[in-house]
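Bear in mind that the values in this text are calculations on the coordinates, not laboratory data. For clarity, every value in this text was computed on a predicted model and none was experimentally measured. Don't worry about glycine lacking a Cβ; one is built from the backbone with ideal geometry, like all the others, and counts go over all protein chains shown.
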Amino acid sequence: MAKTEIKTIGVMTSGGDAPGMNAALRAVVRSCTYHGIRCKGIRLGYQGLIDNQIVEMGARSVSNIINRGGTILKSARSDEFRKEEGRKKAYENIKKNEIDALVVIGGDGSFTGAKAFQKEYDIPWVGVPGTIDNDIFGTDFTIGFDTALNTAIDAIDKIRDTATSHNRVFFIEVMGRDAGFIALNSGIASGAQDILIPERKDKIDDLFASLDRGRRSGKLSSIVVVAEGEELGGVYDLAKFTKIKYPDYDIRVTILGHIQRGGDPTCADRVLASRLGVAAVDALLEGKTNVMAGVRSNKIVYTPVEEAIQKHNEIDQDLLRITQILAR
Ligand code: ATP
């Protein structure tokens, strides 16, 4: 669709919520105002599109949200949108609301949905990566990742205080079902003795070797950061196996869980979200579609959505090496 044909952009937040989604939404709305086009907010992701939960959004509707976690539009997962019938209803509401193009703030599932919709109904759309996991190809950082990391290290620092006071070994599970980015980065930043991530196919003997090394050098307490998706059986099994191997260890388990999704976005996430929200509107007005706006080497880039969905960011080998060097 050519630049002049876009008069109204619809924006939604979809999939798992992430801190910074509000800042991205604000950037989309204000950018529309700047370009003199209308913006409509679609509540509850694709389900809201099907149920016609669509509201007009002006510059003032996004006042005082840049600093707030969650998403004022709310997010949802929609099984109905996975079906042709659901997408047909969604399209009818797109027409009813005179929406010419969409900005979808979400993860790869949300982008897959938008791609299917575009194929059927030719609605131009641009994706903005909003997910704490940082597992989307085509951007160095996703919106929410930095905040989740800061929340995780804040919690791990507190656990460290109690670990040191009692000479305990703590297994701490952080989010990341398929990706170890949160575990690796929060583990390095919190001085973990070991970090277990799904990408590395860790072995229990390597963990024991690391704990032995720490003990030999006089370490009395240890933190082990474990990604949700690591493949050795989860934090409780790890604690159980470790207790069998080292009966004298006082071992504890903490699962950080959903606190990692909440909280006020960090400065880095607010800036990233603001840049990507503006970039998404720019892209639509330039006639782009089926792409995701991202940041690589601190520059805005657009990645075809097929690539963003199918490819994966590799774990930085240098970071893995650092963990080996520092855990003494
Ligand atoms: P997160 O990474 O935080 O989980 P996500 O965007 O990947 O976020 P999903 O639950 O995978 O979250 O997807 C969000 C929504 O996108 C789904 O509930 C569904 O409505 C839509 N969606 C996902 N895949 C498809 C598909 N193949 N066809 C149509 N819609 C889809």
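Between the Cα long axis of helix 145-166 and the first principal axis of the chain there is an angle of about 20°, rounded to the nearest 10. Taking amide H atoms as placed 1.01 Å from N in the peptide plane, the amide H of N313 lies under 5 Å from those of F137, each 5 or more residues away in sequence or on another chain. Of all aspartates and glutamates in the structure, the ones whose alpha carbon falls short of 17 Å from that of K299, not counting any fewer than 8 places away in one chain, are D140, D269, D282.
Give the relative contact order (percent, whole number) for the stretch 51-210; include only Cα pairs under 8 Å separated by 6+ residues.
13
What the phi angles of the stretch 231-237 give under the Karplus curve with 6.51, -1.76 and 1.60, with θ = phi - 60°, is a coupling list of 9, 8, x, x, 4, 5, 5 Hz, glycine and proline written as x. When its C-alpha radius of gyration is set against 2.2 N^0.38 Å (N residues), the chain gives a value of 1.10. Going by a ≥ b ≥ c, the root eigenvalues of the Cα gyration tensor, does the stretch 158-215 fall in the rounded group (a/c under 1.5), the prolate group (a/b larger than b/c) or the oblate group? Oblate, because a/c is 1.5 or more while a/b does not exceed b/c.
Lysine pair count for the stretch 58-184 (Cα-Cα distance under 14 Å; residues 8 or more apart in sequence or on different chains): 4.
Over all directions, the projected convex hull of the C-alpha atoms in the stretch 18-78 averages 3.9 nm² in area. Taking the stretch 27-66 and a reference point 7 angstrom along Cα→Cβ of K96, the backbone N atoms nearer than 19 Å belong to 39-57.
Against the chain, whose longest principal axis comes from its Cα atoms, helix 317-326 is set at around 30 degrees.
Given a cut-off of under 8 Å on Cα pairs at least six residues apart, what relative contact order in percent is computed for the stretch 1-89?
It rounds to 37 percent for the stretch 1-89.
Positive-end ranking of V28, V11, S110 along the dipole of the stretch 1-110, with charges on Cβ about the Cα centre, is headed by V28. Take every pair of alpha-carbon atoms less than 8 Å apart whose residues are at least six positions apart; their mean separation over the length of the chain yields a relative contact order of 24 percent.
Going from the residue with the fewest nearby Cβ atoms within 10 Å to the one with the most, R270, R321, R30, R213 rank R321, R213, R30, R270.
Over all pairs of different C-alpha atoms in the stretch 50-119, the reciprocal of the mean inverse distance, the Kirkwood hydrodynamic radius, equals 13.7 Å.
Here the Kirkwood formula, the inverse mean of 1/r across different C-alpha pairs, assigns the stretch 173-264 a hydrodynamic radius of 13.6 Å. Within the stretch 59-77, which residues have the backbone N less than 13 Å from the label spot 7 Å out from D154 along Cα→beta-carbon, could you tell me? Inside the label zone: 68-70. Computed 3J(HN,Hα) for the stretch 177-189, one whole-Hz value per residue from the Karplus formula 6.51 cos²θ - 1.76 cosθ + 1.60 where θ = phi - 60°, is 5, 10, 9, x, 5, 5, 4, 5, 6, 6, x, 5, 5, glycine and proline marked x. A helix-only calculation puts the chain at -13000 deg cm²/dmol for mean residue ellipticity at 222 nm, using -39500 (n - 2.57) for each DSSP H run of at least four residues, averaged over all residues. Once the Kirkwood radius over Cα pairs is known for the stretch 199-328, the Stokes-Einstein relation at 10 °C and 1.306 mPa s delivers a diffusion coefficient of 84 µm²/s. Electrostatic bookkeeping for P198 treats Lys and Arg as +1 and Asp and Glu as -1; over the other residues with beta carbon under 11 Å from its beta carbon, the sum is -4.
One equal scatterer on each Cα of the stretch 117-272, no solvent, Debye formula: the resulting log10 I(q)/I(0) at q = 0.18 Å⁻¹ is -1.03. For the stretch 276-315, just say rounded, prolate or oblate: build the C-alpha gyration tensor, square-root its eigenvalues into a ≥ b ≥ c, call rounded for a/c under 1.5, and beyond that prolate if a/b exceeds b/c, oblate if not. Oblate, since a/c reaches 1.5 and b/c is not below a/b. Would you give the gap between the C-alpha center of the stretch 104-179 and the C-alpha center of the stretch 245-267, rounded to a whole Å? The stretch 104-179 and the stretch 245-267 have Cα centres separated by 16 Å.
Per residue, the convex hull spanned by the alpha carbons of the stretch 1-105 comes to 85 Å³. The charge dipole of the stretch 229-328, taken about its Cα centre with unit charges on the Cβ atoms of Lys, Arg (+1), Asp and Glu (-1) only, comes to about 220 debye. Listed by chain and number, the lysines whose C-alpha is less than 19 Å from the C-alpha of K245, apart from same-chain residues fewer than 8 away, are K203, K219. Helix 84-96 versus the longest principal axis of the chain: what angle, 0 to 90°, nearest 10, using Cα atoms? Approximately 50 degrees, to the nearest 10.
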